[in-house]
Amino acid sequence: METLIPPERLETPAFVLRSYHLGDGPLLAAATNASYEHLRTFMRWSRPHTTEAEAEVHARHFRGRWLLSQDFSVAIVSPDGQRLLGSTGFHPRSGGLETRRVEVGMWIRADEAGRGLGAEVLRVMLRWGFSDWPWEELIWRTAPENVASQRTARRVGLVEHETPDPDGMRRFHLSRG
C-alpha cells in the first residue's frame, strides 16, 4: 500500500479528531504557547513564543503530509472547533504504509492535562485505527521518565514490551483482533 485516502474526522461528545486544516495556525500557536512548560521536557519540537504564522506553517506541513499519505497528524479540537485541546496522530515510522504498523503519538495542552482526556483520546484512536484505518499494529513509545504517558498506555490496555527500544524508549503496542 503506497497511498491511503484516510478518513478526515471522527466526532465524539467531548472532542473532534480531524486532520489539520489551513488556518489552524492560531489554534496551534495558542495551545503550544500555553503549554510550553508542560511540553518541553518530552516534546523536543516545542518552542516558547511560537507565532501564529510559524504555527500556520506547521499546520500546512501536517496537512500536506496527510494528503501525500506520508504522516497523519490529527488535531484534537473542542466540539465547537474554537480550541485545540492537543494533537495526536498515526505516524508510519517503521517501514511506511506497507507494514500497516504505526506509532500513535500525543500531547495534551497543559490546562486540559490530568483529567483523563489523554486516555480517552488514546482509546478512541485505538478504536478508530482498527476500524476506519488499515492498521494492523499500533505502537506507543514513551520516555522512561514519562510516568504519566506509561500510565495512560496501561490504562487503555496497551501491552508493554519486556525490553526497552535501543534508544531507551519504552514501547507499548496493540494488534488488530
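The values are calculated or read from the model by the stated rules, or taken from the named source; none is laboratory data. Computed from a predicted model, the values in this text were never measured in an experiment. A quick note on method: Cβ atoms are made from the backbone with ideal geometry, for glycine too, and the neighbour counts reach across all protein chains shown. Note: areas computed on protein heavy atoms with side chains; ligands, DNA, RNA excluded. Shrake-Rupley method; radii C 1.70, N 1.55, O 1.52, S 1.80 Å.
The table for this structure:
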{"item": "Pair list, Cβ under 6 Å, 6 or more apart: region 82-104 residue within 25 Å of residue 24 (Cα to Cα), other residue at pLDDT below 95 and small (Gly, Ala, Ser)", "result": "84/31; 89/105; 91/105"}
{"item": "Residues being part of a strand (DSSP E or B) and touching a helix residue (DSSP H, G or I) at 6+ places or on another chain (Cβ under 6 Å) - total across region 1-31", "result": "2"}
{"item": "Test for residue 90: is it part of a helix (DSSP H, G or I) and closer than 23 Å to residue 152 by Cβ", "result": "no"}
{"item": "Residue match in region 108-128 (condition: outside any strand (DSSP E or B), in contact with a strand residue (DSSP E or B) (Cβ under 8 Å, 6 or more places away or on another chain), over 17 Å from residue 8 (Cα atoms) and open to solvent by 80 Å² or more (accessible area, probe 1.4 Å))", "result": "no"}
{"item": "Region 131-145, subset farther than 17 Å from residue 98 by Cα and not in a loop (DSSP other than H, G, I, E, B), residue farthest from the chain's Cα centre (by Cα)", "result": "131"}
{"item": "Restricting region 149-166 to residues that are open to solvent by 30 Å² or more (accessible area, probe 1.4 Å) and touching a strand residue (DSSP E or B) at 6+ places or on another chain (Cβ under 9 Å), the residue that is modelled with the lowest pLDDT", "result": "164"}
{"item": "Matching residues in region 129-148 - criterion: being surrounded by fewer than 18 Cβ atoms within 10 Å (Cβ to Cβ) and either in contact with a Cys (Cβ under 8 Å, 6 or more places away or on another chain) or among the hydroxyl-bearing types (Ser, Thr, Tyr) (or both)", "result": "131"}
{"item": "Leading residue by the ranking (farthest from residue 15 (Cα to Cα)) among those in region 70-87 that are out of contact with any Lys or Arg (no Cβ under 8 Å at 6 or more places or on another chain), part of a loop (DSSP other than H, G, I, E, B) and of a type outside the set (Ser, Thr, Tyr)", "result": "70"}
{"item": "Residues of region 167-177 satisfying the condition of being buried (at least 18 other Cβ atoms within 10 Å of the Cβ) and within 12 Å of residue 101 (Cβ to Cβ)", "result": "171, 174"}
{"item": "Qualifying residue in region 37-51 (condition: outside any loop (DSSP other than H, G, I, E, B), buried (at least 17 other Cβ atoms within 10 Å of the Cβ) and either on the phi > 0 side of the Ramachandran plot or β-branched (Val, Ile, Thr) (or both))", "result": "no"}
{"item": "Subset of region 81-107 (residues that are closer than 15 Å to residue 18 by Cβ, open to solvent by 50 Å² or more (accessible area, probe 1.4 Å) and touching a strand residue (DSSP E or B) at 6+ places or on another chain (Cβ under 9 Å))", "result": "83"}
{"item": "Residue pairs meeting the criteria (Cβ under 9 Å; at least 6 apart or on separate chains; first at positive phi, in region 132-160; second surrounded by 14 or more Cβ atoms within 10 Å (Cβ to Cβ))", "result": "157/123; 157/126; 157/174"}
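Condition check ((1) more than 25 Å from residue 126 (Cβ to Cβ); (2) modelled with pLDDT under 95; (3) open to solvent by 20 Å² or more (accessible area, probe 1.4 Å); (4) basic (Lys, Arg)) across all residues:
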position: 24; (1), (2), (3), (4): no, no, no, no
position: 31; (1), (2), (3), (4): no, yes, no, no
position: 34; (1), (2), (3), (4): yes, yes, yes, no
position: 76; (1), (2), (3), (4): no, no, no, no
